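Undergrad: Structure incoming, see below.
The values are calculated or read from the model by the stated rules, or taken from the named source; none is laboratory data. This structure is a prediction, so every number in the text was calculated from the model and none was measured. Here the Cβ positions follow ideal geometry from the backbone for every residue, glycine too, while neighbour counts run over all protein chains shown.
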Amino acid sequence: MKAWERVQLARAKGRPTARAYIDSLIDGFLELHGDRRFADDKAVIGGIGRFSGMPVTVIALEKGTDTKDKVMRNFGSAHPEGYRKALRLMKQAEKFGRPVICLVDTSGAYCGIGAEERGQGQAIAQNLMEMMGLKTPIISVIIGEGGSGGALALAVADEVWMLENAIYSVISPEGCASILWKDASKNEEAAEKLKLTAQDLLQLEVIEKIIKEHADFRDTLAELKGELIKTIHRLKSINPEELPELRYKRFRKYGAGLGGM
Amino acid sequence: MFRHDSFKHKKLEPEQARVKRNVPTVPEKLYTKCDGCRKMILNSDLKGNLSVCPVCGKHFRISARDRIALVADRGSFTEWDAELTTIDVLEFPGYKEKLESSQLNSGEKEAAITGQARIYSMPCAICAMEPSFMMGSMGAVVGEKVSRLFERATEARLPVVIFTVSGGARMHEGIISLMQMAKTSGAVKRHSDAGLLYIAVLTDPTTGGVTASFAMEADIILAEPDALIGFAGPRVIEQTIRQKLSPGFQHAEFLLEKGFIDMIVPRGELKKTIGQILALHGGSV
């Protein structure tokens, strides 16, 4: 399948959003609100519940389902307060020894006046830095779109997975085509060249696993659940003090093989 | 060669192009037109004033080497990892040519220079980004050099001083450029956890993936006057919200007011200010 077709699938209307995963995977989910600094960003759903009997923290970028919900969720584009809420809940998870499951689905962090005024760059930077030091397991699953820094701010994890038709990229194909080639019609080529599909990213060792998308969404969920159980158990067997070192090594390798070395 | 014919490194705006056409009698290598006050400034005057317009105080972009020379004690700079070059992993169309022209244009191998220096005899690890190399964009080499800088500084227990100038992540390297944000943040974190000082000086422009990673992670963040600092570029925001932005939006003074930088320091006072901060953190002379 062409990369551009994957882009369409990742963004497709009716594709399950984060809420559908939470409802099915987490028992007794309690949503926790607010960043304790400014507001509650509805593009980010955060909370606690039981996964396979074990208390976990879940943080998800939610695009919304119907029009009203999409508007309320700002189409899954978070403001700084969304990233700060996420960090607050991750620190809380660390305190209580809960694993963190992040579900990523966003075209990117929001670009607007309020977002800049409240430090979008600083909020993302803070998440990257703090997640690197978090002493509890983190698994991030890109379920739809993984749009640049706004996705990475929930994906500095011990393992990063993607759904079969999800995408993950530094820039949208449209943005790339219009900035580099001043030609918005080159979207398909940009999608190809950016290597943003799950299959490309597995090869580039940017992700550990691809979750197959079955015709029946319940089968996809079952596969995801099975993989999560295995991996969380594995990560929980590691001394939490050692997790930041392993996580740093995971990310340290990108671009370490350069010319002139 | 004059180093401050900064016109050459920038895309001409229609207005500038028009004005430039209308003044064919002025030898362009002798003068530079100031973006701030639109006056023609003699290049020698500009250079003698640290590339700050003597009329309006506009801070011109300067090269990474000039940056380091501005603050490091004379002859104290030793460069690290100077040989690192990019491997075009994605074989991105036009990238090889772009790298070659940037190398030719800037005289540098990549968009960041790192090493060790002394500032008023106090040792530090130092990095300056290069605006004429793909506008300081961060790909694998920039990420690697910055990460190694922090790692070596952690080992040698040195403070880090970084001058940022960047359009953000280098999209020609796709996801690998995005991963540099996480990688550099991890290196900053370890340096910070070791109780060591990191000073960032944000210069015009500092945006995108560099703002959203190591630029905003410093203990003390300084900025040059009027520098554009943000996550999204102003054009992207205008397209998103479909309205014009107010003139000072995302400039250093705006960030100071909103609480995202510690102070604005004019170029002429940078060395003194950085020296004061280093000394307050036990910089050994």
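Yes or no, residue by residue, for (1) at the interface with chain B (Cβ under 8 Å from one of its Cβ atoms); (2) assigned to a loop (DSSP other than H, G, I, E, B); (3) touching a Leu at 6+ places or on another chain (Cβ under 6 Å):
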site: A:Gly97; (1), (2), (3): no, yes, no
site: A:Leu103; (1), (2), (3): no, no, no
site: A:Ala125; (1), (2), (3): yes, no, no
site: A:Ile139; (1), (2), (3): no, no, no
site: A:Trp161; (1), (2), (3): no, no, no
site: A:Ile171; (1), (2), (3): yes, yes, no
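Undergrad: I would also like to ask the following. Exactly one of (1) in a helix (DSSP H, G or I); (2) within 26 Å of A:Ile171 (Cβ to Cβ) is unmet by A:Leu89. Its number?
TA: If we test A:Leu89 against (1) in a helix (DSSP H, G or I); (2) within 26 Å of A:Ile171 (Cβ to Cβ), just (2) comes out false.
Undergrad: Right, next: Name the residues in segment A:228-254 that are crowded, with 18+ Cβ neighbours inside 10 Å, of a type in the set (Lys, Arg) and farther than 24 Å from B:Thr184 by Cα, would you?
TA: Hits for segment A:228-254: nothing passes.
Undergrad: If A:His214 passes every condition in (1) assigned to a loop (DSSP other than H, G, I, E, B); (2) crowded, with 23+ Cβ neighbours inside 10 Å but one, which one does it miss?
TA: All conditions pass for A:His214, except number (2).
Undergrad: Please list, ordered by first then second residue, the pairs with beta carbon atoms under 6 Å, 6 or more apart or interchain, first in segment B:58-77 and aromatic (Phe, Trp, Tyr), second modelled with pLDDT of 95 or more.
TA: Listed pairs, sorted by first residue: B:Phe60/B:Ser51; B:Phe77/B:Ile68; B:Phe77/B:Gly115; B:Phe77/B:Ala117.
Undergrad: Sort out for me the helices (runs of 4 or more DSSP H) sitting completely within segment B:140-243 that have 3 or more residues that are touching an Asp or Glu at 6+ places or on another chain (Cβ under 8 Å), aromatic (Phe, Trp, Tyr) and more than 9 Å from chain A (Cβ to nearest Cβ).
TA: Where helices (runs of 4 or more DSSP H) fall fully within segment B:140-243, none carries at least 3 residues being touching an Asp or Glu at 6+ places or on another chain (Cβ under 8 Å), aromatic (Phe, Trp, Tyr) and more than 9 Å from chain A (Cβ to nearest Cβ).
Undergrad: Now, a different point. Checking A:Met132 against (1) out of contact with any Gly (no Cβ under 6 Å at 6 or more places or on another chain); (2) within 20 Å of B:Phe231 (Cβ to Cβ); (3) among the aliphatic types (A, V, I, L, M); (4) part of a helix (DSSP H, G or I), only one condition comes out false. Which one?
TA: The one condition A:Met132 does not meet is (1).
Undergrad: Would you confirm whether any residue within segment B:113-136 is buried (at least 23 other Cβ atoms within 10 Å of the Cβ), under 15 Å from the mean Cα position of the chain (by Cα) and within 13 Å of another protein chain (Cβ to nearest Cβ)?
TA: Checked segment B:113-136: at least one residue is buried (at least 23 other Cβ atoms within 10 Å of the Cβ), under 15 Å from the mean Cα position of the chain (by Cα) and within 13 Å of another protein chain (Cβ to nearest Cβ).
Undergrad: If B:Leu90 satisfies every condition in (1) buried (at least 18 other Cβ atoms within 10 Å of the Cβ); (2) at pLDDT 95 or above but one, which is the exception?
TA: Answer for B:Leu90: the failing condition is (2).
Undergrad: Given B:Arg267, B:Arg235, which one is of a type in the set (Lys, Arg) and in contact with a helix residue (DSSP H, G or I) (Cβ under 9 Å, 6 or more places away or on another chain)?
TA: Numbers: B:Arg235 fails: in contact with a helix residue (DSSP H, G or I) (Cβ under 9 Å, 6 or more places away or on another chain).
When all the criteria are applied, what remains is B:Arg267.
Undergrad: Among the listed residues B:Asp193, B:Asp219, B:Asp204, identify the single one that is within 15 Å of the chain's Cα centre (by Cα), assigned by TED's automatic domain parsing to the domain that holds B:Glu155 and surrounded by fewer than 24 Cβ atoms within 10 Å (Cβ to Cβ). Give the steps one after another, and end with the answer.
TA: Details: B:Asp193 fails: within 15 Å of the chain's Cα centre (by Cα); B:Asp219 fails: within 15 Å of the chain's Cα centre (by Cα).
Selected residue: B:Asp204, the only one of B:Asp193, B:Asp219, B:Asp204 that is within 15 Å of the chain's Cα centre (by Cα), assigned by TED's automatic domain parsing to the domain that holds B:Glu155 and surrounded by fewer than 24 Cβ atoms within 10 Å (Cβ to Cβ).
Undergrad: Also, I was wondering about something else. Quick one: how many residues across segment B:117-159 are touching a Cys at 6+ places or on another chain (Cβ under 7 Å) and under 22 Å from B:Gly282 (Cβ atoms)?
TA: Matching residues across segment B:117-159 total 4.
Undergrad: Mind checking which residues of segment A:227-245 are part of a helix (DSSP H, G or I) and more than 10 Å from A:Ile139 (Cβ to Cβ)? So that I can check it myself, show each step before the final result.
TA: Taking segment A:227-245 first, the residues part of a helix (DSSP H, G or I) are A:227-236, A:240-245.
Selection gives A:Ile229, A:Lys230, A:His233, A:Arg234, A:Lys236, A:Pro240, A:Glu241, A:Glu242, A:Leu243, A:Pro244, A:Glu245.
Undergrad: Answer yes or no as to whether A:Leu204 is touching a residue at least 24 places away in the same chain (Cβ under 8 Å) and not hydroxyl-bearing (Ser, Thr, Tyr). Full working, then the answer.
TA: Working: touching a residue at least 24 places away in the same chain (Cβ under 8 Å): no; not hydroxyl-bearing (Ser, Thr, Tyr): yes.
No: the conditions fail for A:Leu204.
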